[in-house]
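Please read the structure below before turning to the comments.
The values are calculated or read from the model by the stated rules, or taken from the named source; none is laboratory data. Keep in mind it's a predicted model, so treat the numbers as computed, not measured. Please note: Cβ atoms are built from the backbone with ideal geometry, for glycine as well, and neighbour counts cover all protein chains shown.
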Amino acid sequence: MDASTAIAGRRPPGRSLHRFANPGRFLRLAARVQPWLTWPAMLFTLAGVAGGLFLSPADYQQGDTVRIMYIHVPCAMLAEGGFWGLAAVSLMSIVWRHPLADLAAMEIGPVGAAATALCLATGSLWGKPTWGTYWVWDARLTSVLVLFFLYVGHMMLIRAFDDQERGYRAAAIMALVGAVDLPIIKYSVNWWNTLHQPASITLTGAPTISGSLLWPLALTMVGLTLGFAAIVTARLRAAVMERRIRGLLGAQAAAA
Amino acid sequence: MTELPYIIASYVLFAFLAVVLAVTTSLRLGRARARLKALDRRADPRRERTP
């Protein structure tokens with residue numbers, strides 16, 4: 001512990017996070033956590049989807065189309081949550097140069113992009129019978145489309161350089177700048193007059209939808225969040241192993 | 001029920017993407033694990049004899 005840390009009396013956050021920079025330690029921990037993410041994810045998602053499709057009632061206004069909500073809303077939440085995660089690991093990469101942060105950014109991107117694409121597609125399929133159109137250029141839809149382009153741009157930028165470190169830095173800066181889109185998505189329905197409805201579930205207030213529609217939604221939200229974490233964890237484990245493989249092959253080639 | 005095709009399309013898309021992500025991820029993880037095991041064994045042949 002250096003003098004400044006001793007004076008502060010506690011470990012800086014970057015140092016405790018660096019404990020997991022050891023690939024062996026990370027792989028052991030991730031392998032132990034993986035089944036606790038994967039199996040509950042499948043159980044919660046299947047229960048939520050079954051409840052949403054067969055047990056919950058139709059909405060008095062929208063009819064059965066409301067059943068699209070049980071996948072559209074969790075996907076929207078994960079699209080935004082995934083980008084918050086991407087911004088967080090990008091910050092870790094830039095500030096603490098954490099070796100796993102860059103790999104995590106590389107693996108969160110495609111999963112977040114898939115969630116955003118699914119959010120846009122299911123929203124479009126919900127919009128046609130409800131609004132009479134698949135797409136309108138309103139603030140909420142457009143800002144989510146921008147989020148999708150940010151994910152795709154991040155995925156391309158991180159792989160665009162021959163020097164991988166430069167790719168990591170450029171993509172991290174892009175993710176941090178792109179995070180500006182997240183509050184715009186959240187408040188777009190309040191700041192502008194949009195076709196998209198305002199949020200029915202908030203962290204601060206009581207939900208404005210009926211409990212009979214809420215419980216399958218809660219199940220799919222938990223299930224898909226765990227599923228997102230399970231897939232990112234598995235991809236990150238594979239990425240760490242692949243990096244070790246490249247290192248071993250490089251060492252063997254140098255020795256030969 | 002005129003909304004049914006939209007509901008089915010949404011859930012089919014969701015299931016398709018979930019399966020694609022899960023299968024490609026588990027294949028990639030399995031491949032990386034097997035390759036790493038083989039390389040580790042080649043780098044340290046004593047491990048093969050260890051029970």
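All conditions but one from (1) at pLDDT below 85; (2) away from chain B (no Cβ under 14 Å); (3) within 30 Å of A:Pro207 (Cα to Cα) apply to A:Pro40; the one that does not is (1).
Residues in the stretch A:102-114 that are crowded, with 21+ Cβ neighbours inside 10 Å and not hydrophobic (A, V, I, L, M, F, W, C): A:Asp102, A:Glu107, A:Gly109, A:Gly112. Taken over the stretch A:240-255, the residue count meeting the criterion of being touching a residue at least 40 places away in the same chain (Cβ under 8 Å), more than 7 Å from chain B (Cβ to nearest Cβ) and surrounded by fewer than 19 Cβ atoms within 10 Å (Cβ to Cβ) is 1.
Within the stretch A:125-137, the set of residues being assigned to a helix (DSSP H, G or I) and more than 22 Å from B:Leu21 (Cα to Cα) comprises A:Trp126, A:Gly127, A:Lys128, A:Pro129, A:Thr130, A:Trp131. The residue of the stretch A:115-162 that is farthest from A:Ile231 (Cα to Cα), among those that are among the aromatic types (Phe, Trp, Tyr) and surrounded by fewer than 17 Cβ atoms within 10 Å (Cβ to Cβ), is A:Trp131. Restricting attention to the stretch A:88-101, does a residue exist that is touching a helix residue (DSSP H, G or I) at 6+ places or on another chain (Cβ under 7 Å), within 14 Å of another protein chain (Cβ to nearest Cβ) and either surrounded by fewer than 20 Cβ atoms within 10 Å (Cβ to Cβ) or in contact (Cβ under 8 Å) with a residue 40 or more places away in the chain (or both)? Checked the stretch A:88-101: no residue is touching a helix residue (DSSP H, G or I) at 6+ places or on another chain (Cβ under 7 Å), within 14 Å of another protein chain (Cβ to nearest Cβ) and either surrounded by fewer than 20 Cβ atoms within 10 Å (Cβ to Cβ) or in contact (Cβ under 8 Å) with a residue 40 or more places away in the chain (or both). Inspect all residues belonging to the stretch A:163-184 and state whether any of them is surrounded by 15 or more Cβ atoms within 10 Å (Cβ to Cβ), among the aromatic types (Phe, Trp, Tyr), part of a helix (DSSP H, G or I) and at negative phi. Yes: the stretch A:163-184 contains one or more residues that are surrounded by 15 or more Cβ atoms within 10 Å (Cβ to Cβ), among the aromatic types (Phe, Trp, Tyr), part of a helix (DSSP H, G or I) and at negative phi.
For (1) modelled with pLDDT of 95 or more; (2) in a helix (DSSP H, G or I); (3) more than 10 Å from chain A (Cβ to nearest Cβ), each residue gets a yes or a no:
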{"residue": "B:Met1", "(1), (2), (3)": "no, no, no"}
{"residue": "B:Phe14", "(1), (2), (3)": "yes, yes, no"}
{"residue": "B:Thr24", "(1), (2), (3)": "yes, yes, no"}
{"residue": "B:Leu27", "(1), (2), (3)": "yes, yes, no"}
{"residue": "B:Arg33", "(1), (2), (3)": "no, yes, no"}
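Of all residues assigned to the stretch A:58-76, none qualifies as being among the charged types (D, E, K, R) and away from every other protein chain (no Cβ under 13 Å).
The number of residues in the stretch A:66-86 that are crowded, with 20+ Cβ neighbours inside 10 Å and either without any contact (Cβ under 8 Å) to a residue 40 or more places away in the chain or over 15 Å from A:Leu214 (Cα atoms) (or both) comes to 10. Just one residue in the set A:Leu219, A:Leu224 is of a type outside the set (Lys, Arg), in a helix (DSSP H, G or I), in contact with a helix residue (DSSP H, G or I) (Cβ under 9 Å, 6 or more places away or on another chain) and more than 9 Å from chain B (Cβ to nearest Cβ); that residue is A:Leu219. In the stretch A:107-138, which residues are within 22 Å of A:Gly81 (Cα to Cα) and more than 12 Å from chain B (Cβ to nearest Cβ)? Scanning the stretch A:107-138 gives A:Ile108, A:Gly109, A:Asp138.
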